[in-house]
Structures are given as C-alpha cells and as structure tokens.
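This report refers to the structure that appears directly beneath it.
The values are calculated or read from the model by the stated rules, or taken from the named source; none is laboratory data. It should be emphasised that the depicted structure is a prediction, and the values quoted were computed from it without experimental measurement. Note that we place each Cβ from the backbone using ideal geometry, even for glycine, and neighbour counts take in every protein chain shown. Accessible surface areas use protein heavy atoms only, side chains included; no ligands, DNA or RNA. Shrake-Rupley method; radii C 1.70, N 1.55, O 1.52, S 1.80 Å.
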Amino acid sequence: MGADAGDEAGALPPEAATLRRWIGECRPGGMVFFGGAGVSTESGIPDFRSAGGLYSQRYPHPPEKMVSRSFFDAHPREFYEFYFDRMIAPDARPNQAHRKLAELERAGTCAAVITQNIDGLHQAAGSRRVLELHGSVHRNRCTGCGAAFDLALMQALHEEAPDGVPRCPRCGAVVKPDVVLYEEPLDGRILEEAVRAIAAADLLVVAGTSLVVYPAAGLLQYFSGDHLAIVNLAPTDADRHADLCVPAKVGEVLAF
C-alpha cells in the first residue's frame, strides 16, 4: 500500500507521520506493539467500552458480569448465549493494522505483539510472536478431562447441545474457552514474557485500548525506552506519560 493511502482515507493528524518515522528509524527488534479492542474494530469486531460497545448494550445481566468466572460456573447456558452471540467473530478477517504488524515482524522491526484481544487476527495476518494476555477463542479445554477443541468444533458442540452448552464428547464435562474471564488471573508465563518484551523495547506503540483494564494496563510501567506512542481515538489516562499521542484509527496510521 502506498505511503499516502491511509492519509487519503482518514485525513490523518500530523502525529501519524512522526510515528511512522520512528518506526522506520527503529533498530532491528526495537519495537513492541501493545494493542486492545480498537485494533480489531476495523475488522468489524465490537469493542467493550466505547459508545455502541458491548458494555453499552442491553442484556438480561450486565455484560461485565456475564463474562465473569462465577457467572460461567453458575449460568453456563446464559454465558454461552452471550459468548456465541457477541464474543466470537469467526468470519472476521485481519485489517491493515494486523497486516502491517506482521510485515514489520518479517522485516525484523517488531519484536512482539502484545494483545488484549482474543480473536486470533494477529496470527491470521502472519504475526508469529503474539502474546495473548486474555487468551484466545481458538483454544478451548474440557473442564473435566482437559481435552482440547478448536473453534469450529466448539461451535459444533454448541449447536448440537439442547441447552447450547458445549460439553466434552469423551467425559460430558463443560468445555471452557481459553479466555481470561473476570475473577480469573492472567497467565503468569505470558505476563512475564510481555514484561520482558516491553522492558527491552526502544519504541512502544500502544493502540486501540482505553488502558483501564488491569493488570494489562499496568504493563506500561516497565517501559523505559526512547519513545512511547499512544494511538487511540479517545484520550487515555496514560497520555500524560506518552511522547506522542495520535488521535486516529490504528489501521489508518499503519497504512504505509
């Protein structure tokens, strides 16, 4: 894609050019990308907190309660109604942000993608070192025997079940997505790897996240490199610590 394609599409603010220059000047392996739901909204996946996001919609229970571990355990039928209706997007495809990050990894610039998303779009675009803080809908485990299921089989189990709750064909226990629900801890190994990546980075690009979900948002404290850039349509609490704030869509900023 040409260098000015994103500019034509979205009338980018001048800060975008600065970020593009920083990326171009970054030493090999010196860039780390930290992304949230706003990275995938351009692929048609709704976020949680913006106007029109999942948290602003009406359900029998508050969405933030429905994606908690206690709700999953107590009300699996209602959990899976919400989950398959709103939290998976099997037809979504990578957008320009995903594709550019994979390109930057292949070029040796981007050392790691750290994501709060569970959609697997970074891997679909070709990124290899993806640290999924909140897990992935593409991995699912039986809560009884530990058998593994991919997303397609998980959907089939959901559709076959009279109550919509996927159950293991081997032992009959409920199958749970490998996603981190409220009340569950993050994977310690993934968290430690993310900390190491951020601590070693010269350029940290934070994009598409409101930076209000902890402990993920707390990862920024480990950055001590040259440039912290935040790409987000709305201001964040971390803006005062950033060297650059780009109020634009990340896909348009990375369209170069």
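Roughly how many nanometres apart are two label points built 7 Å out from the Cα toward the Cβ at GLU183 and ALA92?
2.5
Counting heavy atoms of the protein chains only and a 1.4 Å probe, report the per residue accessible area for the stretch 137-217 as a whole number of Å². Walk me through the numbers on the way to the answer.
On the way: 3920 Å² over 81 residues.
Computed with neighbouring chains in place, this is 48 Å² per residue.
Measuring from label point to label point, each 7 Å out along Cα→Cβ, what is the ALA161 to HIS61 span in nm?
According to this spin-label approximation, the distance is 1.4 nm.
Residues with amide H under 5 Å of PHE34's amide H, sequence separation 5 or more or different chain, H placed in the peptide plane at 1.01 Å from N; which?
Here ILE114, VAL205, VAL206, ALA207 satisfy the definition.
Which value, in debye to the nearest 20, describes the size of the charge dipole of the stretch 174-256 about its Cα centre when Lys and Arg Cβ atoms bear +1, Asp and Glu Cβ atoms bear -1, and nothing else is charged? The partial results should precede the final answer.
On the way: 5 positive and 12 negative charges, 20 e Å.
The dipole of the stretch 174-256 has a size of about 100 debye.
Can you work out the base-10 log of I(q)/I(0) for the stretch 69-173 at q = 0.09, 0.10, 0.15 1/Å, using the Debye formula on its C-alpha atoms alone?
With one equal scatterer per Cα and no solvent, log10 I(q)/I(0) is -0.29, -0.36, -0.71.
Among the trypsin sites (Lys or Arg not before Pro) in the stretch 121-212, which ones are in a DSSP loop with at most 16 other Cβ atoms within 10 Å of the Cβ? Mind listing them? List each step's numbers first, then the result.
Details: sites: ARG128, ARG129, ARG139, ARG141, ARG167, ARG170, ARG189, ARG196; in loops: ARG128, ARG129, ARG170.
Those satisfying the criteria are ARG128, ARG129, ARG170.
Probe radius 1.4 Å, ligands and nucleic acids ignored: give me the carbon and sulfur share of the accessible area of the stretch 126-213 as a rounded percent.
Values: 2110 of 4120 Å².
Whole-percent figure for carbon plus sulfur exposure: 51.
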